[in-house]
1. Compare the Cα positions of B:GLY287, B:PRO236, B:ILE224 along the charge dipole of segment B:179-314 (+1 at Cβ of Lys, Arg; -1 at Cβ of Asp, Glu; about the Cα centre) and return the one farthest towards the positive end.
2. What is the count of Lys pairs in chain A whose alpha carbons sit under 24 Å apart, if the two are 8 or more places apart or on different chains?
3. Which ordering of B:THR203, A:THR188, A:THR243 is given by a fewest-first count of other beta-carbon atoms within 10 Å?
4. If you place +1 on the Cβ of every Lys and Arg, -1 on the Cβ of every Asp and Glu, and leave all else neutral, what size is the dipole of the protein assembly as shown about its Cα centre, to the nearest 20 Debye?
5. What ranking do A:ILE183, A:ILE114 get, fewest neighbouring Cβ atoms within 10 angstrom at the top?
6. Return the average number of partner chain Cβ atoms within 10 angstrom of each residue Cβ along peptide B:101-113.
7. If Lys and Arg each add +1 and Asp and Glu each add -1, what is the summed charge of the other residues whose beta carbon sits under 13 Å from the beta carbon of B:GLY129?
8. Mind checking the dipole of segment B:228-347: about its Cα centre, +1 per Lys or Arg Cβ, -1 per Asp or Glu Cβ, Debye to the nearest 20?
Amino acid sequence: MSILISRHQKIFGIRELYVVFSIVVMTILFGYINPRFFSGEALYSILTLATELGIIALGVSFLMIAGEFDLSVGSVYAFSGLITIWALNSGLSYPASLFLSLLFAIAIGLVNGIVTVYGRIPSFIATLGMMWLLRGLLLAITGGFPVGLERLPPEMIIYTYQVIGDLKASSLWFIALILILQIMLNNTPYGNKAQAVGGAPGVARALGVRVERVKIGAFVISSLCAALAGQVAVARFKIVEPTAGQGLELEAIAASVLGGTSLAGGIGSIVGAALGALLVGVIRVGLIFAGAPAYWYIGFIGFLLIIVGIMSIRRRR
Amino acid sequence: MPLGGLKGITKSLWIAVSVVLLVIGVGAGYAIGTSIAPVKETITVARTITQAVEQTVTVTIAPTVAPQYTLYYISHGGPGDPWWAPVIKGAELAGKLLGVKVVYLGPEKFSVKWLVDTLQSAVAAKPDGIIITITDYRALDEPLRRVIAQGIPVLAVNVYDPRPEDQRIPYLGYIGQEEYQAGYQLAKYTITWFQRNMGRLPTGAVIGIHEVGHVGLELRAKGIQDAFKEAGLAIPEKLDITTDVTKAYEILKSYVTTRRGIEVIFTLGPLGAHPAMQLVRDLNLVGKLFVSTVDLDDKIISGIRDGAVIAAVSQQPFAQGFLPVVYMYLYVRFGIMPPSQIPTGPTIIDKSLVDLVLKQIRETGGA
């Protein structure tokens with residue numbers, strides 16, 4: 001198992017180089033088009049965007065490394081936000097509301113994991129089902145109306161506090177989460193098992209790894225990350241729309257893949273996923289600075305994904 | 001992974017290819033859509049010219065060659081929604097005529113998060129003005145107040161902040177339709193039409209709502225219900241007819257065929273009006289069962305012509321694109337304050353106005 005992992009770890013560095021390289025190229029290009037792109041405001045705007053997507057991408061990436069997908073993160077993101085708003089509006093304190101929404105995320109992660117692992121259903125289908133189930137519930141419960149926060153609890157400043165200029169505290173939480181998950185993935189037995197389970201489940205099982213438990217744990221991590229991103233969104237927007245987070249799951253997978261995570265499992269890094277989210281942020285904000293219609297963004301991401309896809313196939317050969 | 005030998009060469013090759021592709025992708029896209037680099041240079045020239053003109057107090061009427069100002073038009077309506085096509089066209093034409101660079105930004109999918117994020121990025125680009133739909137005043141309140149405090153002028157379009165004057169976001173003005181009034185005026189017109197043409201009040205009506213929870217549509221529906229209440233008539237029920245025209249047709253069919261006395265189907269947009277008109281024709285009830293609707297297109301006009309539709313409310317989307325650019329230009333260039341409300345509707349379109357509206361649809365793509 002250790003040989004397996006050390007091989008992967010060497011690859012991480014090279015994989016991350018591609019996304020760093022892309023970020024540099026994009027930044028120079030957008031800065032050339034509009035020199036204001038090099039301003040602090042642009043950077044803060046990019047970081048704000050990258051933070052919410054990135055927190056989700058970290059969890060999704062962790063799960064992808066363990067060999068599974070989670071398409072329900074967009075729905076969990078919206079639903080956990082809704083739970084927080086309900087709890088706060090009904091008079092509960094923020095820590096209690098946060099606890100409830102994280103509890104919900106853990107439950108969804110467990111269900112996703114158990115259904116996938118013990119039901120022997122591909123995670124793509126199991127979490128697709130969960131994604132629609134939660135979205136349907138959201139629409140039915142809210143009647144299609146956005147739900148607003150009656151008053152913002154003072155504790156939520158831990159996400160919105162402006163550290164320097166427009167740089168929000170949520171970006172620092174994002175960095176903290178990167179460190180925690182990166183250490184967890186590379187320096188703990190659980191992380192090593194997750195990589196082994198994703199890369200070579202048969203070998204991992206033969207070596208005595210309890211594949212099912214490891215995978216279920218990764219599903220819970222993915223769900224928890226989505227719920228945390230939901231908290232950041234509630235603090236920023238003070239509302240949850242029933243359609244919030246639609247499409248975020250695919251954006252998170254795209255950020256992970258751009259950051260070097262393999263769709264086949266076993267390969268990838270947390271730092272890579274964070275950089276992938278940063279690249280997505282650079283492109284989104286850069287296009288606005290360039291004055292290009294915003295819908296080009298999707299085309300750009302698609303273009304990059306194809307290139308990264310081709311490169312990773314070539315490397316594997 | 002070892003970097004030597006053939007593998008290393010292949011890798012370097014791929015890096016090179018990806019750089020070239022990236023550069024081509026960005027460069028081509030940028031060249032097709034915006035050609036900003038030359039604009040950047042000419043902006044300075046244009047500013048110098050403007051300063052010179054100001055100093056000698058000479059007014060030149062010739063259109064400005066290069067964009068003098070950059071305005072961001074941020075809306076919740078993406079290019080996938082045909083209703084917004086005339087809006088985009090209007091904003092672009094006004095920009096061209098005035099020498100203003102207008103950047104229209106709309107999401108692929110309705111999203112308040114997208115709107116706030118895009119606003120934030122657009123502000124960082126330091127535009128001369130921002131035109132925005134106040135799709136959710138709670139989410140936009142804080143960011144927009146910050147934008148206004150930075151001295152960037154903001155105009156609201158299409159959806160406004162519904163709170164009282166002293167609480168609302170201090171934007172310069174609102175350009176668009178009052179949604180409640182659109183429904184209210186349509187229902188009042190329909191009731192009067194019945195009195196004039198049938199010599200009596202309608203015996204029953206229903207409202208087909210295609211997006212439950214859409215605040216604008218809900219307000220239209222409320223306007224219709226209030227007008228019926230005021231006239232002492234039974235309040236029309238709201239039916240969730242979905243955005244799927246096949247479902248809408250079946251839902252409306254089962255409602256009107258199982259309820260007695262339904263004479264009017266109110267719809268709140270073309271997505272409801274099209275199946276409703278089809279139903280009236282299929283049931284051979286033209287002249288007995290009528291459609292009254294908000295928004296217009298050529299199909300609805302044909303309905304007004306053949307009598308399936310009593311009237312439609314137009315909010316003239318082209319004007320919602322064109323006028324804010326003009327008002328923002330007047331404000332930024334000359335310091336002219338726009339009025340706090342500039343209505344582009346509701347205008348009731350019946351048989352007498354069909355030809356005029358056809359011209360608008362032909363010229364602008366919508367009405």
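1. The one lying farthest along the dipole's positive direction is B:GLY287.
2. Working: A:LYS10/A:LYS193; A:LYS10/A:LYS215; A:LYS168/A:LYS238; A:LYS193/A:LYS215.
For chain A, the number of qualifying lysine pairs is 4.
3. Listing B:THR203, A:THR188, A:THR243 from fewest to most nearby Cβ atoms yields A:THR188, B:THR203, A:THR243.
4. Result for the protein assembly as shown is approximately 1700 debye, rounded to the nearest 20.
5. The order, fewest Cβ neighbours first, is A:ILE183, A:ILE114.
6. Across the residues of B:101-113, the mean count of other-chain Cβ atoms within 10 Å is 5.
7. On the way: positive: B:LYS101, B:LYS126, B:ARG333; negative: B:ASP128.
That sum, taken over residues with Cβ under 13 Å, equals +2.
8. Numbers: 11 positive and 11 negative charges, 27 e Å.
Result for segment B:228-347 is approximately 140 debye, rounded to the nearest 20.
Each value in this text was obtained by applying a stated rule to the coordinates, not by laboratory testing. As the structure is a computational prediction, the values presented were derived from the model and not from experiment. All Cβ positions, even for glycine, are placed from backbone atoms using ideal geometry, and neighbour counts span all protein chains on display.
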